Amino acid sequence: MALTLLGLSGALTHDPSAALYRDGRLVAAAEEERFVRDKHAKNRMPYEAAKFCLDFAGIRPAEVDAVAIPFAPISLLGPARWHYARRYWYAPDRALDAILTGNRRFHRYRRRIEWCLQQLGFDLRKTEIVPVEHHLAHAASAYHCAGFQEKTAILGIDGKGEYATTFFGYGENGRIHRIKEFYDPDSLGGLYGALTEYLGFEMLDGEYKVMGMAPYGDPGRYDFSRLARFENGELKVNTQYANVIGFRRYKEEGKGYYFSPKLVEWLGPKRAGDVADDPYIHYAASMQKLFEDLSLQMLDHYLGDILRETGRLAFSGGGALNVKLNQKIIARPDVRELFVQPASGDAGTAVGAAAYVSVQRGVAVEKMEHVYLGPAYSNEDVIAACARHPAIRWPGSRAGWSSDRARSVAGRSLAARALPVSPTGSTRRSSFANAGARSVRACSIPSRRRCSAARIRHRS
Ligand SMILES: [Fe+2]
């Protein structure tokens, strides 16, 4: 059965992306930020990414059977909106809003997607837009892309989608079954993000820095267990301290944060500057430990039986980018195979939503073997990129390197392109920053795929 599906993410105002499936094959996928050179491409729609996917595949908008979006209306009959309203009782405007107009965000997003599609040349009267719940899209990006044939446990740990923050389920015979979800504000990803803000980084960006700080600290120095607990199958984040909204937010210079003044009273001032020092390194260590401990407890509670039965786990959501947690998961004796979706952040939900709709329509999707699904660069492109940036003029000869489909749809460091340079010298970092040359990135990891290398002459 011929089926062409375009997945478009960007509902949550960050990391918009596009993915194109044709007859179950992921032909192209790309993140908007790589085209517009704006990290996380906040408040943008995936116009350039979608345009690339269509152009690369040689497909006209009229040939797309459906557009899958990883954000969906949530019924008032389910528990999500009521949970949100009950837990945010102290912000009655937001609580009431969840009950009375709880899908307003979805409608706003849909209008923006429609606008984007129109710019791309779609005729909205003939375009089917299929909403997929955010966590189902994450789950699909893990399970459908894993290529596991056997029953597979599925874990999603995220900040927040529509309302869900955490997903436990399993995949069997190509279908995803939901076991349990947690809802905002009970979010481990959100808690980690709130502490990321407290530690002086940007939420939805600096979490990996907290993870990197953690090994320098002692997780036994401060007990963070008051911040969240998992009991009787339920996760509860302490909203006296974190995942707060409204008047409970800590504010500094007019900006509100997702932690409270009470947290500052307890731990001291929000970290400022760029020094990883005492006590903040210990806070990072304690946050990482709490995240790992609770994640593993939840995994065991909801998915332990399936893991003991089949040993297979597919994992996605922003929390799946925490490689220290992944180490702990793979170390479990009951986990024999772990597939972590490389694009576990929201960029990957374009892939997941499209994959989900493909399977729903009877077309199984192929295993995701790699992430090199973006634009390609030739030798000449690499040379020209270097030549465009005068900053790339250092003593000694240089080697620029770029694989085919060099822009990946996953973490930036995995991009299949590199410009190996000596790290010595005072102007290296600023030179690169000034060049803004993402197409000639330093320190990226070469792939084993076919590559083209260009030797760049020293130009002094
Ligand atoms: Fe997400």
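One Cα centroid belongs to the range 315-369, the other to the range 241-314; the line between them spans 22 Å. Report note on the peptides 110-123, 13-26: ranked by the mean count of other C-beta atoms within 10 Å, highest first, their order is 13-26, 110-123. Candidate cross-link partners of LYS367 among the aspartates and glutamates, defined by an alpha-carbon separation under 19 Å and a same-chain spacing of 8 or more, comprise ASP23, GLU150, GLU172, GLU337. Backbone geometry of the range 292-301 corresponds, through the Karplus equation with coefficients 6.51, -1.76 and 1.60 at θ = phi - 60°, to 3J(HN,Hα) couplings of 5, 4, 5, 4, 5, 5, 5, 4, 5, 5 Hz, x marking Gly and Pro. The aspartates and glutamates whose alpha-carbon is closer than 12 Å to the alpha-carbon of LYS251, local same-chain residues fewer than 8 away aside, are GLU197.
Take 345-355, 87-97 and order them by the average number of nearby Cβ atoms within 10 Å per residue, most first; the result is 345-355, 87-97. Our estimate of slack between ILE179 and ASP278, defined as 0.36 nm per intervening residue step minus the Cα-Cα distance, is 31.5 nm.
The distance separating the Cα centre of the range 212-230 from that of the range 119-176 comes to 32 Å. Sequence-ordered 3J(HN,Hα) estimates for the range 142-150 from the Karplus curve with 6.51, -1.76 and 1.60 and θ = phi - 60° stand at 8, 5, 5, 7, 6, x, 6, 8, 7 Hz, glycine and proline given as x. For TYR216, the shell of other residues with beta-carbons less than 11 Å away shows a net charge of -3, using +1 for Lys and Arg and -1 for Asp and Glu. Database remark: amide H of ILE154 closer than 5 angstrom to the amide H of GLY169, TYR170, GLY171, ALA314 (H placed geometrically; neighbours at sequence offset of 5 or more, or on other chains; Pro and chain starts carry no H). Among rounded, prolate and oblate, which fits the range 223-303 when a ≥ b ≥ c are the square roots of the eigenvalues of its C-alpha gyration tensor, a/c under 1.5 means rounded, and a/b larger than b/c means prolate? Cα axes put the range 223-303 in the oblate bin.
Taking amide H positions as modeled 1.01 Å from N, with prolines and chain starts lacking one, the residues under 5 Å from LEU26 and 5 or more places away or on another chain are GLU366. Using R0 = 35 Å, the C-beta based FRET efficiency linking LYS39 and ILE330 works out to 0.75.
Kirkwood-type hydrodynamic radius, the range 149-340: 17.1 Å, calculated from all non-identical alpha-carbon pairs. The Cα center of the range 30-101 and the Cα center of the range 1-22 differ in position by 11 Å.
Since every read-out is calculated from the coordinates, none of them should be taken as a lab result. Note that the coordinates shown come from a computational prediction; the quantities given were computed from them, not determined experimentally. So basically every Cβ, Gly included, is an ideal-geometry build from the backbone, and we count neighbours across all protein chains shown.
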